[in-house]
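The values are calculated or read from the model by the stated rules, or taken from the named source; none is laboratory data. If you're wondering where the values come from, they're calculated on a predicted model, not measured in any experiment. When we count neighbours, we look across all protein chains shown, and the Cβ atoms used for this are built from the backbone with ideal geometry, even at glycine.
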There are 2 protein chains.
Amino acid sequence: MYELILKNISRFIKLTEADESFFISLLKVKKLRKKQVLQQEGQIARYQYFINKGCLRTYMIDDKAQEHIIQFAIEDWWAGDLYSFLTQTPAKLNIGAVETTELLCIDNPALEMLYQKVPKFERFFRLLIQNAYIANQSRIIESMSLTADERYCKFIERYPAMERRLPLKHIASYLGITPESLSRIRSQYKKR
Amino acid sequence: MYELILKNISRFIKLTEADESFFISLLKVKKLRKKQVLQQEGQIARYQYFINKGCLRTYMIDDKAQEHIIQFAIEDWWAGDLYSFLTQTPAKLNIGAVETTELLCIDNPALEMLYQKVPKFERFFRLLIQNAYIANQSRIIESMSLTADERYCKFIERYPAMERRLPLKHIASYLGITPESLSRIRSQYKKR
DNA sequence: CGTCTATTTGAATGTACTCAAAAGCGGTGG
DNA sequence: CCACCGCTTTTGAGTACATTCAAATAGACG
């Protein structure tokens, strides 16, 4: 249950066994079935989530009632509406399960306690935020400088595992194009 | 020289006179002429900048040698490549002056000292990072969900002061369109 | 097996782009 | 101070890419 998350963290900070068991004691387990919604626009994000198994999507619904996927997360990734979580203001983002998913959840008070007791974790979560920040910045640049098929190429290079699991319409939403366009791009792609 | 920055900070945290004078002692003043480059791709970002007067642009140069403006900053704003600054890794962004500009600069060691002596500032800079994060997120969503002229509308609503000062080509770069397209959008716009 | 949703394919449309050329504007040096 | 040069902005024409709408096909799930 907890090997994956401990391995994930150990890539950035070294923990003693005591640190590890304290950390684990703060986690809650949550299971979602396909299409279940984990968090909705308007609510304050209470948790950050680590994905043990499955796949989540974080998305936004615009004025025209269109969904736009901001981020996917699969096993060994973190997800959560960082902005709402950090500011404790109502979320503008929704999070839902793409597949049956098993999560480990940590809430804000638990995180504060963790920082008190094991300050190394401050570093870990700061790195998490920094990575989220740079990921967003890259997306801005790519969405402006690349054509749809270039964005698709980058996507499958970067996340080959996801491309196989995700329905086309979700990838299209992430890339900012229509499902029809992505279908055409893919068929072009196979010819080579 | 320092009224503006103190007022800026006081919107988020309350400082004593001693806090204020310590903070000011850590700042360096820097002046740039129009088009001067403040920071380049490849260098490690040493400073965060507060703009006392003038205007900066933060931009990225892609594989096709095209510039893409990520952010503008005018009086009473902060600028700087946060990612490079926080991680102390080489910057992917460039920063340059759009006009003659006067800056107050704080470097990383000074900031650490500040956190030690006046911990309230941790909160202030955390808020700065959070705002940068959400600003990026909004841009992603807008670049995907809005047409070029809708993005232009949002831009002038949000930053009316900038629209008047910035050359068209820079606004076009920020919006992710060609100068020709923005020129056409503007002429449409005036007809109403 | 049947229903519902996702994906593919086609045709017509629209939006923004490229390339080219003209007009406007600003700064510099004579 | 004015003339000139270079850069920015505008305008036009043709093109490319992605969209919309519609219909057909494929796939998933009960």
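Scan the stretch A:31-47 and give yes if some residue there is within 14 Å of chain B (Cβ to nearest Cβ) and either surrounded by fewer than 17 Cβ atoms within 10 Å (Cβ to Cβ) or under 24 Å from A:Q130 (Cα atoms) (or both), otherwise no.
Residues of the stretch A:31-47 that are within 14 Å of chain B (Cβ to nearest Cβ), as a first pass: A:41, A:45.
The next check asks that each one be either surrounded by fewer than 17 Cβ atoms within 10 Å (Cβ to Cβ) or under 24 Å from A:Q130 (Cα atoms) (or both); those that pass are A:41, A:45.
Yes, the conditions are met somewhere in the stretch A:31-47.
Collect the residues in the stretch A:172-191 that are in contact (Cβ under 8 Å) with a residue 40 or more places away in the chain and within 7 Å of DNA strand D (Cβ to nearest atom), keeping them in residue-number order.
If we filter the stretch A:172-191 for residues that are in contact (Cβ under 8 Å) with a residue 40 or more places away in the chain, which is where we start, we get A:173-174, A:176, A:189.
Matches in the stretch A:172-191: A:G176 only.
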Taking B:T100 and the conditions (1) within 20 Å of B:E20 (Cα to Cα); (2) within 18 Å of the chain's Cα centre (by Cα); (3) at pLDDT below 95; (4) not aromatic (F, W, Y), which numbered condition does it fall short on, given that it satisfies the others? (1)
Please go through the stretch A:135-161 and pick out each residue that is surrounded by 15 or more Cβ atoms within 10 Å (Cβ to Cβ) and within 13 Å of DNA strand C (Cβ to nearest atom). A:S143, A:M144, A:S145, A:L146, A:A148, A:Y152
Any chance the stretch B:105-124 includes a residue that's aliphatic (A, V, I, L, M), within 13 Å of DNA strand C (Cβ to nearest atom) and in contact with an Asp or Glu (Cβ under 6 Å, 6 or more places away or on another chain)? no
If I go through the stretch A:137-153 residue by residue, how many of them are more than 11 Å from chain B (Cβ to nearest Cβ) and of a type in the set (G, A, S)? 1
Any idea which of A:E75, A:E102, A:E67 is in contact (Cβ under 8 Å) with a residue 60 or more places away in the chain and within 14 Å of chain B (Cβ to nearest Cβ)? A:E67
When (1) in contact (Cβ under 8 Å) with a residue 24 or more places away in the chain; (2) within 27 Å of A:M1 (Cα to Cα); (3) of a type outside the set (S, T, N, Q) are applied to A:P90, the one that fails is (2)
Give just the number: which of (1) more than 25 Å from A:A97 (Cβ to Cβ); (2) hydrophobic (A, V, I, L, M, F, W, C); (3) away from DNA strand D (no atom under 13 Å from the Cβ) does A:M144 not satisfy? (3)
Of the conditions (1) more than 19 Å from B:L146 (Cα to Cα); (2) facing chain B (nearest Cβ under 10 Å); (3) not basic (K, R), A:L93 satisfies every one except a single condition; which number is it? (1)
Against the conditions (1) at pLDDT below 90; (2) away from DNA strand C (no atom under 13 Å from the Cβ), where does B:L166 fall short? Just the number, please. (1)
Check A:I134, A:I156 and return the single one that is within 11 Å of chain B (Cβ to nearest Cβ), free of Cβ contacts under 8 Å to residues at least 24 places away in the same chain and part of a helix (DSSP H, G or I). A:I134
Filter result (of a type in the set (K, R) and in contact (Cβ under 8 Å) with a residue 12 or more places away in the chain) within the stretch A:46-64: A:R46, A:K53, A:R57
Return the residue satisfying two criteria in turn: it lies in the stretch A:170-192 and is surrounded by fewer than 15 Cβ atoms within 10 Å (Cβ to Cβ) and modelled with pLDDT of 95 or more, and of such residues it is farthest from DNA strand C (Cβ to nearest atom). A:T178
